[in-house]
Amino acid sequence: MQVYLVGGAVRDALLGLPVKERDWVVVGSTRDELLRLKYREVGRDFPVFLHPQSHEEYALARLERKVSPGYRGFAVEFGPQVSLEEDLARRDLTINAIAQAEDGSLLDPYHGQSDLKARVLRHVSPAFVEDPVRVLRVARFAARFASLGFHVAPETTALMRAMVERGEVDALVAERVWQETEKALREPGASVFFAVLRECGALKIIYPEIEALFGVPQPEKWHPEIDTGVHTMMVLDQAVRLSSDVKVRFAALVHDLGKATTPHAEWPGHKGHEERSVALIEALSERLRLPSEYRDLSVIVARYHGNVHRAFELRPKTILGILEKTDAFRRPERFAQALLACEADSRGRLGLEEIPYPQREYLQTARDAAAAIKPTPQDIAEHAGPQIAQHLHERRLQVIAELAARIQPGKDV
């Protein structure tokens with residue numbers, strides 16, 4: 001039995017990055033032997049075991065053979081007859097197909113070290129085309145390593161494009177699409193994920209709502225970048241700068257989807273795009289079965305980002321209405337997330353990336369001041385429920401009005 005460290009742990013160590021988890025492949029052994037050594041079996045589709053002390057994952061070397069469409073359409077062969085080279089051959093990228101022996105030596109039959117040095121994401125073999133999830137994974141690795149100068153090899157992009165044209169990407173299930181997207185949104189180059197998908201033609205299949213934004217113009221006065229798709233990627237970049245919260249980043253990504261459905265006769269204006277964006281977000285959330293917290297935050301940002309940008313022009317009554325409709329008093333963390341996404345929208349414009357955004361602090365202060373107003377014991381003793389709510393509303397409105405008057409002297413409140 002021979003044991004090798006494989007995959008991301010080897011790759012990241014060679015790049016000088018922290019190693020977060022380690023995976024091992026076992027060559028020349030059997031399921032029964034590992035069980036005798038007290039490994040605990042956890043694999044469902046093929047033998048994966050947890051080490052009895054470290055609890056790290058150990059998988060028997062295996063081969064995969066495509067037998068039907070989709071990412072689950074594989075027959076798996078494993079056992080002592082499968083070599084390390086054969087196991088590494090089934091992996092997606094050369095940089096993920098390097099193994100380290102117990103003595104520290106590296107086995108690199110597919111030249112992953114050369115591609116690490118050249119900063120290239122390259123497929124291991126033509127078998128790459130058999131698994132459509134690899135399209136998403138390549139885009140995700142591009143997002144992860146973009147800041148290190150990595151790019152997708154032209155021949156790999158060509159294979160990905162061929163997979164799209166053959167309809168392989170159509171077989172991706174919603175859960176896997178979202179799983180890879182959520183991981184990509186955590187990466188420092190999150191927008192690169194969507195750029196790579198667009199380059200190979202997969203974006204229009206997986207996220208047609210985002211693909212449709214490219215080529216849609218906006219008023220140059222407010223959007224020097226003009227193209228809505230370009231703006232959307234810039235907004236995502238700004239969201240990455242502002243927050244590590246994936247929900248904020250996703251809300252920033254989808255806040256303007258409705259602009260793709262603006263009648264061409266109305267271009268470059270997009271009146272009413274907010275509610276059209278809400279409808280598209282709700283449909284996308286249903287299609288990909290998104291967690292409700294992603295959907296709900298995105299809907300708030302899509303619906304109210306224009307009002308947030310105009311915060312200093314709003315009457316106190318309107319501000320209080322937004323706070324109440326967004327449930328900002330009971331969900332303060334979500335309201336703060338929405339403000340961050342709105343700031344990303346404001347900064348996601350060509351040449352305006354560093355502009356101040358005092359609207360966020362203003363509305364956050366208004367929310368906090370209004371939230372500090374609570375029903376008094378006298379209110380509870382003397383009034384019924386609806387009367388208490390009305391009295392609370394009036395007192396909160398007064399607090400917001402006073403704040404507006406301090407910030408904007410002479411404003412009609």
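The table that follows gives values for the structure above.
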read-out: Positive-pole candidate from 114, 164, 48, dipole of the chain, charges at beta carbon; value: 164
read-out: Taking 160, 1, 233 and counting other C-beta atoms within 10 Å, the order from fewest to most; value: 1, 233, 160
read-out: Most mobile listed residue (80, 219, 18) in the chain, GNM with C-alpha springs under 10 Å; value: 18
read-out: Signed unit charges on C-beta, dipole axis of the chain, positive-most listed residue 351, 135, 150; value: 351
read-out: Positive dipole terminus of segment 218-371, leading residue within 261, 279, 322 (C-beta point charges); value: 322
read-out: Assigned charges on the beta-carbon of Lys, Arg, Asp, Glu; segment 208-407 dipole about Cα centre (debye); value: 360
read-out: Those trypsin sites (Lys or Arg not before Pro) in segment 28-129 that DSSP places in a loop and that have at most 15 other beta carbons within 10 Å; value: 38, 44, 72, 119
read-out: Ascending count of other beta-carbon atoms within 10 Å, so fewest first, for 277, 125; value: 125, 277
read-out: Excluding exposed DSSP-loop GluC sites (Glu not before Pro) (at most 13 other C-beta within 10 Å), longest clean stretch of the chain; value: 221-352
read-out: For the chain, share of DSSP beta bridges that run antiparallel, in % to the nearest 5; value: 80
read-out: Cα-centre dipole for segment 294-383 with unit charges at Cβ (Lys and Arg positive, Asp and Glu negative), debye to 20; value: 240
read-out: Residue order, fewest to most surrounding Cβ atoms within 10 angstrom, among 342, 200; value: 200, 342
read-out: Per-residue [θ]222 nm for the chain (sum of -39500 (n - 2.57) over DSSP H runs n ≥ 4, rounded to 500); value: -15500 deg cm²/dmol
read-out: Cα-based shape type of segment 1-110, given that a ≥ b ≥ c are square roots of the gyration tensor eigenvalues and the cut on a/c is 1.5; value: oblate
read-out: Cα-Cα over 28 Å, subset of 221/247; 117/183; 117/247; 271/325; 271/374; value: 221/247; 117/247; 271/374
read-out: The chain: relative contact order as a whole-number percent, Cα under 8 Å and 6+ apart; value: 9
read-out: Segment 113-238: relative contact order as a whole-number percent, Cα under 8 Å and 6+ apart; value: 25
read-out: Low-density loop cleavage sites - trypsin sites (Lys or Arg not before Pro) in segment 290-356, where at most 11 other Cβ are within 10 Å (DSSP); value: 310, 330
read-out: Dipole in debye (nearest 20) - segment 1-110, about Cα centre, beta carbon charges: Lys, Arg +1; Asp, Glu -1; value: 360
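Quick note: the coordinates plus some simple rules give every number you see, no bench work behind them. Treat the numbers as computed from the prediction; the structure is a model and nothing was measured. Ideal geometry is used to build each Cβ from the backbone, glycine not excepted, and the neighbour counts take in all protein chains shown.
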